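> Handing you a structure now.
The values are calculated or read from the model by the stated rules, or taken from the named source; none is laboratory data. Remember, it's a predicted structure, so these values are computed and weren't measured experimentally. Heads up, the Cβs are rebuilt from the backbone with ideal geometry, glycines too, and the neighbour counts pull from every protein chain shown. What goes into the accessible areas is simple: the full protein's heavy atoms, side chains included, and nothing from ligands, DNA or RNA. Shrake-Rupley method; radii C 1.70, N 1.55, O 1.52, S 1.80 Å.
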Amino acid sequence: MKICITSLKIATSTLLVIALANCASTSHDSSTVIEEAEETKITITGSRVKRTDIEETVVVEIEPVAPPPSKPAAETLDELLLLVKQNKAKQELTNKERESIFLRERNNQRAQLSDADKDRLFRTIANSAEASGQIFKRYRVNPTIQTEHNPVSTFSMDVDNGSYKLASVMLSQNQLPHPDGIRIEEFVNSMEYHYNQNEQLFSISAEAMPSPFRTGYHILHIGLQTKMLSDEERNPSNLVLVADISGSMASDNKLDLLKNAMTTLVSQLNRNDHIALVVYNDNATVVLNPTKASNKRKIFNAINTLKSGGSTNAEQGLLKGYELAESMFQPGFNNRVILTSDGMANVGSTSPEAILAKISESRNKGIFLTTLGVGKGMYNDHLLEQLANQGNGNYLYIANQIDIQQAFVDELNSQLQTVAKDAKIQVQFNPNIVSNYRLLGYENRHLNKEDFADASKDGGEVGAGHKVTALYEIKLNSKTQPISEEVAKLSIAYKKPQGHKVHFINKNIPLSVVKHTVQSASPDSRLSFAVAAFAEKLRQSYWARVYSYLDIEQLLSTLPITYQRQPQVQILKEQVRIAHKIDSRVDLFEQSHPVSNINYDRVPLLD
């Protein structure tokens, strides 16, 4: 019965995604992406596909069973729009309603809709978090580990911001982001922190404070920062822009936003930089051969001619882009492909693994990848995030001019100049000091202990001036320990941008970093945990049940006035307020595991 219900939900989701695509200016078959998705790993917004590959130590989110609806079938466009708005288009349609929608699609009745009706249907679905065509990969929630059984935690570095930026867009329009699109580390790493720097490649900071929300635990904040570079110190860049100009880019102002982003990037480049432009829809075409960045008029003209239409052959776009990047490659340069898209690939290979297999040689040579996402309706977060994750690169999301300014002006050197590749972190906790620990986020960056020193295992790519932040919940042993004891040993492994040898950095985290109160901890520690707690709340994590959005807002109010005036903190506070106002979701665990009986050390096994 479960399998039948899940299949029905997927089928219904597919119909609505197709309906949305066909109501756009040019059709594209989104069902290609959905049909190839693995049920246990991919979640299409609104379909609530349950995962089955869960370990016993991980909380399983139990889906409440909705009562069967009794409403009659939707016969008119207005009734269908109402169903979508009420979040019934994917979860509570009767069989007759599903049949009605299916017949409309099969008989091409949508072609009889007026342009105004098409626009209304498109906007309604695109603006609904639960009924849009957003595609995510669902990751497991990290469990709490007993140190005596497994004292070592290993993961690859991450500087992406896609998850946080997309969630911000949804909340700004009074819509909750889908929980499966929430990656805690991308929320945490989207904030700007004030770490001290030394002359080493990685400067390492650490601090621990009592957890405001999990009784008996501390929050261990680990901050890494690479050396800053001035524009003059940045190596010359050979960049290939690979622009999606398919029909789906006509919606959400996607193409115009990407044109602004590319124009801003080019305006910041130096005279020794070179740039090329590839576009793709049904096929890939070179619009601009390698051109010196000083010839800005020629480059701007090429960008301004871009128009949308056709299908989305991301594979051909990337292959053509890497072919150009190979011809432009120079050792010591910043050799990079920048893919701009909504990720809705529907022609050629549509999985990140298949695409990456064809560019592996270029990737290993030292050509890096940036994926730049735009849009919220019809958006494939999974493809863009995994291409960047496995393609030696990073994943950015832009929603407005502020995001463009941050990515391609304020942080341009970080985005262009990689200073460490395959970068990994390993924390070995001292069982004499720490009895339990849990890493917040980085589930999709998990590595085995032996992967840390293995040169063949992929890690993260970090640019000049990038900050990487990781948070742990740790439980300290109640027995008093000498101040000279160490909480943990922190190790970093990385390769040079065009090297193959693994380099190591080791640093002890002394017990002296532990603060006795939240107020005595640095503003950075409080800010990082507040945004992590917010992500856990949006994700409906088991541990997020013990605090409210108001508690997060209260924690943010303890920050110094200089922090509270920062735009990033003001935006975060507004997002928390919006989520508090619109989040009416049911606690999925309360019936079987009430908060009043919660054990702060152990997540219960579910029947």
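> Conditions: (1) part of a helix (DSSP H, G or I); (2) over 23 Å from the mean Cα position of the chain (by Cα). THR517 meets all but one. Number of the miss?
That leaves (1) as the condition not met.
> Additional query: Would you say ASP601 is among the acidic types (Asp, Glu), touching a residue at least 12 places away in the same chain (Cβ under 8 Å) and outside any loop (DSSP other than H, G, I, E, B)?
Considered against the rule, which asks whether it is among the acidic types (Asp, Glu), touching a residue at least 12 places away in the same chain (Cβ under 8 Å) and outside any loop (DSSP other than H, G, I, E, B), ASP601 comes out as no.
> If a residue must be outside any loop (DSSP other than H, G, I, E, B) and farther than 21 Å from TYR437 by Cβ, how many such residues does the range 143-185 contain? Lay out the reasoning, then the answer.
Filtering the range 143-185 down to residues outside any loop (DSSP other than H, G, I, E, B) leaves 145-146, 152-156, 162-172, 179-181, 184-185.
Filter again for farther than 21 Å from TYR437 by Cβ, leaving 162-172, 179-181.
The number of residues fulfilling the criteria is 14.
> Right, something else. Quick one: would you say LYS421 is surrounded by 21 or more Cβ atoms within 10 Å (Cβ to Cβ) and among the charged types (D, E, K, R)?
Working: surrounded by 21 or more Cβ atoms within 10 Å (Cβ to Cβ): yes; among the charged types (D, E, K, R): yes.
Judged against the criteria, LYS421 is a match.
> Run SER414 past the list (1) in contact (Cβ under 8 Å) with a residue 12 or more places away in the chain; (2) out of contact with any strand residue (DSSP E or B) (no Cβ under 7 Å at 6 or more places or on another chain); (3) of a type in the set (Gly, Ala, Ser); (4) open to solvent by 10 Å² or more (accessible area, probe 1.4 Å) and report the number of the one that doesn't hold.
Condition (2) is where SER414 drops out.
> Give SER548, SER557, SER541, SER525 a once-over and let me know the one that is small (Gly, Ala, Ser) and over 26 Å from GLU443 (Cα atoms). So that I can check it myself, show each step before the final result.
Values: SER548 fails: over 26 Å from GLU443 (Cα atoms); SER541 fails: over 26 Å from GLU443 (Cα atoms); SER525 fails: over 26 Å from GLU443 (Cα atoms).
Criteria check complete, one pass: SER557.
> Next question. Confirm whether ASN389 is in a helix (DSSP H, G or I), open to solvent by 10 Å² or more (accessible area, probe 1.4 Å) and touching a residue at least 24 places away in the same chain (Cβ under 8 Å).
yes
> Within the range 259-306, take every residue that is of a type in the set (D, E, K, R) and more than 20 Å from MET328 (Cα to Cα) and give me the one that is least open to solvent (accessible area, probe 1.4 Å).
LYS259
> Anything in the range 202-225 that is more than 21 Å from LYS489 (Cβ to Cβ) and assigned to a strand (DSSP E or B)? List them, or say none.
So in the range 202-225, the residues more than 21 Å from LYS489 (Cβ to Cβ) come out as 210-216.
Passing the criteria: only PRO210.
> If you check LYS537 against the conditions, is it open to solvent by less than 60 Å² (accessible area, probe 1.4 Å) and assigned to a strand (DSSP E or B)?
When the stated conditions are applied, LYS537 does not pass them.
> Which residues, taken from the range 453-476, are open to solvent by less than 50 Å² (accessible area, probe 1.4 Å) and over 24 Å from ILE367 (Cβ atoms)?
Within the range 453-476, LYS467, THR469, ALA470, LEU471, TYR472, GLU473, ILE474, LEU476 qualify.
> Is one or more of the residues making up the range 363-373 over 20 Å from GLY223 (Cβ atoms), β-branched (Val, Ile, Thr) and either open to solvent by 20 Å² or more (accessible area, probe 1.4 Å) or free of Cβ contacts under 8 Å to residues at least 12 places away in the same chain (or both)?
Looking through the range 363-373, none of the residues is over 20 Å from GLY223 (Cβ atoms), β-branched (Val, Ile, Thr) and either open to solvent by 20 Å² or more (accessible area, probe 1.4 Å) or free of Cβ contacts under 8 Å to residues at least 12 places away in the same chain (or both).
> Among the residues in the range 238-247, are any surrounded by fewer than 22 Cβ atoms within 10 Å (Cβ to Cβ), β-branched (Val, Ile, Thr) and not in a loop (DSSP other than H, G, I, E, B)?
No.
> A further question follows. Report, by residue number, each residue of the range 307-354 that is assigned to a loop (DSSP other than H, G, I, E, B), under 11 Å from TYR280 (Cβ atoms) and open to solvent by less than 20 Å² (accessible area, probe 1.4 Å). Outline the logic, then answer.
Kept after step one, since they are assigned to a loop (DSSP other than H, G, I, E, B), are these residues of the range 307-354: 307-313, 329-333, 342-351.
Narrowing further to those that are under 11 Å from TYR280 (Cβ atoms): 310-313, 345, 347-348.
Residues satisfying the conditions are GLY310, THR312, ASN313, ALA345.
> Consider the range 255-306. How many of its residues are of a type in the set (A, V, I, L, M) and assigned to a strand (DSSP E or B)?
Taking the range 255-306 first, the residues of a type in the set (A, V, I, L, M) are 255, 257-258, 261-262, 265-266, 269, 275-279, 284, 286-288, 293, 299, 302-303, 306.
Among the residues that remain, those that are also assigned to a strand (DSSP E or B) are: 275-279, 284, 286-288.
Residues in the range 255-306 being of a type in the set (A, V, I, L, M) and assigned to a strand (DSSP E or B): 9 in total.
> Report yes if SER230 is under 21 Å from SER414 (Cβ atoms), more than 25 Å from the chain's Cα centre (by Cα) and assigned to a helix (DSSP H, G or I), otherwise no.
No; evaluated as a whole, the condition is false for this residue.
> Return yes or no: is SER525 assigned to a helix (DSSP H, G or I) and touching a residue at least 60 places away in the same chain (Cβ under 8 Å)? Break it down into steps so the answer makes sense when it comes.
Numbers: assigned to a helix (DSSP H, G or I): yes; touching a residue at least 60 places away in the same chain (Cβ under 8 Å): yes.
It is true that SER525 is assigned to a helix (DSSP H, G or I) and touching a residue at least 60 places away in the same chain (Cβ under 8 Å).
> Taking the residues in the range 541-573 that are under 16 Å from SER525 (Cβ atoms) and not in a helix (DSSP H, G or I) as candidates, determine which candidate is least open to solvent (accessible area, probe 1.4 Å).
Across the range 541-573, the extreme among qualifying residues is LEU559.
> Further, regarding this structure: Give the residues of the range 254-265 that are closer than 13 Å to VAL240 by Cα and in contact with a Phe, Trp or Tyr (Cβ under 7 Å, 6 or more places away or on another chain), sorted by residue number.
LEU265, the sole residue that qualifies.
> Looking at GLY181, GLY216, which is the one that is open to solvent by 40 Å² or more (accessible area, probe 1.4 Å) and closer than 30 Å to VAL586 by Cβ?
Result: GLY216 is the single residue among GLY181, GLY216 that is open to solvent by 40 Å² or more (accessible area, probe 1.4 Å) and closer than 30 Å to VAL586 by Cβ.
> Is there a residue in the range 523-534 that is surrounded by fewer than 20 Cβ atoms within 10 Å (Cβ to Cβ) and among the charged types (D, E, K, R)?
no
> Of all residues in the range 186-201, which are in a helix (DSSP H, G or I) and either free of Cβ contacts under 8 Å to residues at least 40 places away in the same chain or among the acidic types (Asp, Glu) (or both)?
If the condition is that a residue be in a helix (DSSP H, G or I) and either free of Cβ contacts under 8 Å to residues at least 40 places away in the same chain or among the acidic types (Asp, Glu) (or both), then GLU186 is the only one that fits.
> Moving on to the next point. Among the residues in the range 552-571, are any under 22 Å from the mean Cα position of the chain (by Cα), touching a residue at least 60 places away in the same chain (Cβ under 8 Å) and more than 30 Å from LEU201 (Cβ to Cβ)?
yes
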